[in-house]
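No lab work stands behind these numbers, since they all come straight from the coordinates. All values derive from a computational prediction rather than experimental measurement. Reconstructed Cβ throughout: ideal geometry from the backbone, glycine too, with neighbour counts over all protein chains shown.
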Amino acid sequence: MKYTWIYPLLIVIASSSYGILSTIVKVAMQHGFTSSEAITSQYVFGFLLALILFITTQRTLPKLTKSGVITLVLAGILTAITGIVYGESLNYLPASLAVVMLFQFTWIGLFIDCGIKKRFPSRIELISLAFLIAGTIFAAGILDVDLSQIAWQGWALGLAAAFSFAAFLQVNSRPVEGVTTIGRTFILSIISLVVISVFLSPEIIWNGQIANGLWKFGIVLGLFGIILPILLFSIAAPKVGGALVSILSAMELPVAIIVSVIVLHESLTLLQVGGIILVLIGMILPSYFSSKKYTVKQSNEEAMIK
């Protein structure tokens with residue numbers, strides 16, 4: 001019975017850790033750092049933390065197959081691309097609308113999974129998506145936003161971020177033989193840092209910004225944006241499957257809103273609370289029916305044995 005809830009719970013925890021990142025970046029900006037510098041520090045300190053974890057537990061690099069290398073390289077690149085594109089979309093979109101665009105990964109991820117496995121979405125998956133999409137719109141508070149002035153680049157970048165994150169969830173749900181979760185985290189942190197360094201602000205390593213206080217934000221961002229989610233996704237995603245991973249990862253939105261209210265003292269309306277409840281319902285439904293199906297199956301097997 002334990003396997004019906006522990007892995008989905010790990011996915012929820014991993015996605016929740018992503019939910020606090022936007023607030024931390026905003027706090028860093030209030031302290032005089034740019035979003036580019038904050039995001040770069042996330043990958044710098046994520047790599048350093050992964051390196052320390054790897055050295056203290058393993059020390060030897062794993063032997064990878066060709067397919068394993070391809071999976072890890074793709075996952076690392078997609079991790080970095082999501083951060084880059086989503087950050088750029090904020091230059092064109094209001095934060096609330098950027099969140100809504102990113103959360104299109106829920107249905108994108110589901111249909112990618114269906115395409116890979118050559119199947120149609122189940123009824124419960126479609127019902128969950130309906131709750132998630134409606135809840136996202138209400139929770140993000142975009143009903144009063146004037147969409148007519150939004151540049152097309154914002155829509156394109158927001159959708160690109162959703163596609164890259166959905167693709168990351170799918171790729172990271174593939175098991176890689178011969179690689180521990182810590183080894184996987186270390187390899188992904190290296191690859192994503194290289195990509196981020198090409199496009200964002202690698203100069204923070206030598207221009208003194210880290211010593212000026214950026215390190216405090218980098219450590220927290222690295223822990224909750226690299227170490228914790230990649231470790232937990234690596235453990236749980238292969239057990240849960242790409243479709244359910246996409247649905248459960250919607251927990252990022254309620255956490256992002258709640259943390260922004262607590263830390264940044266942003267307002268929270270009853271409509272947003274209702275949206276959060278809809279998102280939670282959309283997340284719980286697939287796990288509940290999966291657990292119920294598993295329980296019935298176990299009962300039937302026990303009855304046959306008797």
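Please give the contour-minus-distance gain from V261 to L126: 0.36 nm per residue of separation, less the Cα-Cα distance, rounded to one decimal in nm.
45.6 nm
Between T56 and K118, what's the calculated FRET efficiency when r is the beta-carbon distance and R0 is 35 Å? Round to 0.05.
Approximately 0.20, to the nearest 0.05.
Ranking Y43, Y86 by Cβ neighbours within 10 Å, fewest first, what do you get?
In increasing order of surrounding Cβ atoms, one gets Y86, Y43.
Taking the Cα of S67, stepping 7 Å toward and past its beta carbon, and measuring to each backbone N in segment 161-195: which are under 19 Å?
168-181, 184
Once fully extended, how much extra length lies between A211 and S148, figured as 0.36 nm per residue of separation less the alpha-carbon to alpha-carbon distance?
18.4 nm
Label K239 and V194 with points 7 Å out from Cα along Cα→Cβ: what is the distance between them in nm?
The modelled label-to-label distance comes out at 3.1 nm.
For Cα Rg over 2.2 N^0.38 Å, which listed value, (1) 1.01; (2) 0.93; (3) 1.08, comes from the coordinates shown?
After the calculation, the listed value that fits is (1).
Mean Kyte-Doolittle hydropathy of 0.0 or higher plus an axial Cα length of 18 Å or more: which whole DSSP H helices in the chain meet both?
Flagged H segments are 6-19, 35-57, 66-89, 123-140, 152-172, 181-199, 270-305.
Report the label-to-label distance for I6 and L271 in nanometres (one decimal), using points 7 Å from each Cα along the Cα→Cβ vector.
It works out to 4.3 nm between the two label points.
FRET efficiency for E203 and L223, Cβ-Cβ distance as r, R0 = 25 Å, nearest 0.05?
0.65
Which order do the peptides 193-205, 63-75, 228-240, 260-272 come out in when sorted by mean C-beta neighbours inside 10 angstrom, highest first?
Going by the mean number of other Cβ atoms within 10 Å, highest first, we get 228-240, 193-205, 63-75, 260-272.
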